[in-house]
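The values are calculated or read from the model by the stated rules, or taken from the named source; none is laboratory data. From a predicted model like this one, the values you see are computed outputs, not experimental measurements. Cβ placement follows ideal geometry from the backbone for every residue including glycine, while neighbour counts extend to all protein chains displayed.
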Amino acid sequence: MKKQELEIQSIDFTEFSNKLKTKGESKETYLHLLKTTLEELPNFAIGPYYWFIPDNTDMSIIDSSDNIHELTPFKKDEWKKYYPNFFERIMATEDYQYFLGCTVMMLDFLEKIDAKERQNYKFSIYCRMEDKKKKLRWTLIQFPKIIYNEEGRGVSGVVMVTDLGIFEVINKPRMTIMNISNAKHPYYLAILEKKKIENLDIPNISRREREVLACIINGLKTPEIAVKLFISYHTVENHKRNLRIKTNCKTSGELVNFVLQNQLM
């Protein structure tokens, strides 16, 4: 990762909108391209979540999940009406600029690298948002799929927001970056105050091990994990043992705590 490509800047909403706006196709095209991703979201969920699809050609929301009113103070049509400065209404004030800056940095970085490399990077933003009762709760914002236009600009995609309130282990907004092609230094942390990216000294965890971890976080036992991932009981146990060795954890509970403490979800 090149530091000059990952500089984080504290920006306001106007600058955020100006940086994201770009040319694109019809909203129906994006919905068609994202259909499979939306169908697969339940497989990645680690808690209650909702999703929405932004359109950076006019800074609007194309669609959102039907349950969005159950996890936020506003209804589906209100999200469509007030996005994107809508986040300022429901996000903690000190988290809001961090979210804007990290989102711009993420897209700027992805737009500059080769299209084939983009799939290697996974960005996760942790910040506080209001729930249905307008109580601030920690949430995980992920970007399962981003659509790029002919100019290589991010124009739409799926934004997934997971309620992490039940975990209560995060003490400040942050963004983690995973580079699955880098076995030596796969994890990074975005530090807004320092305006830079720092490497997280965390062992490389394979894709299958991450899938097993997600199942553990969801409370699944070994037999259930084996069925869900279409692998044998013995294979699941091997992955669990390897994870405990890599993370120096003795139990599945310690594994979950390791993931939460390091924001690796």
Return the pair list, or none, for Cβ contacts closer than 6 Å from residues in segment 202-217 that are buried (at least 18 other Cβ atoms within 10 Å of the Cβ) to residues that are hydroxyl-bearing (S, T, Y) and not in a helix (DSSP H, G or I), at least 6 apart or on different chains. I202/Y187
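Restricting the search to segment 32-45, which residues are assigned to a helix (DSSP H, G or I) and among the aliphatic types (A, V, I, L, M)? Don't jump to the end; show me each part of the working.
Of all residues in segment 32-45, those assigned to a helix (DSSP H, G or I) come to 32-33, 35-44.
If the condition is that a residue be assigned to a helix (DSSP H, G or I) and among the aliphatic types (A, V, I, L, M), then L33, L38, L41 are the ones that fit.
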Those residues of segment 241-263 which are touching a residue at least 24 places away in the same chain (Cβ under 8 Å) and under 26 Å from D163 (Cβ atoms), in sequence order: L243, T247, S252, L255, V256, N257, V259, L260, Q261, N262, Q263
Name the residues in segment 209-239 that are at pLDDT below 85, part of a helix (DSSP H, G or I) and among the small types (G, A, S), would you? A214
Would you pick out the residues in segment 18-31 that are within 20 Å of the chain's Cα centre (by Cα) and either part of a loop (DSSP other than H, G, I, E, B) or within 10 Å of T57 (Cα to Cα) (or both)? L20
So the check is Cβ under 7 Å with 6+ separation or different chains; which pairs have a first residue in segment 38-58 that's over 23 Å from K27 (Cα atoms) and at pLDDT 95 or above and a second one that's crowded, with 19+ Cβ neighbours inside 10 Å and not acidic (D, E)? none
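State which residue is surrounded by the fewest Cβ atoms within 10 Å (Cβ to Cβ) when the search covers only segment 135-183 and only residues that are hydroxyl-bearing (S, T, Y), within 17 Å of the chain's Cα centre (by Cα) and modelled with pLDDT of 90 or more. First the steps, then the outcome.
Narrowing segment 135-183 to residues hydroxyl-bearing (S, T, Y): 139, 148, 156, 162, 176, 181.
Next, only the ones that are within 17 Å of the chain's Cα centre (by Cα) stay: 139, 156, 162, 176.
Imposing the further condition that a residue be modelled with pLDDT of 90 or more reduces the set to 139, 156, 162.
On the way: T139: 27, S156: 25, T162: 22.
Of everything passing the filter in segment 135-183, T162 is surrounded by the fewest Cβ atoms within 10 Å (Cβ to Cβ).
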State whether the residues of segment 56-74 include one that is surrounded by fewer than 16 Cβ atoms within 10 Å (Cβ to Cβ), touching a helix residue (DSSP H, G or I) at 6+ places or on another chain (Cβ under 8 Å), farther than 19 Å from K133 by Cβ and of a type in the set (D, E). yes
Within segment 81-123, how many residues are surrounded by 19 or more Cβ atoms within 10 Å (Cβ to Cβ) and of a type in the set (S, T, N, Q)? 2
Exactly one of these conditions fails for E198: (1) surrounded by 13 or more Cβ atoms within 10 Å (Cβ to Cβ); (2) at pLDDT below 70; (3) not in a loop (DSSP other than H, G, I, E, B). Give me its number. (1)
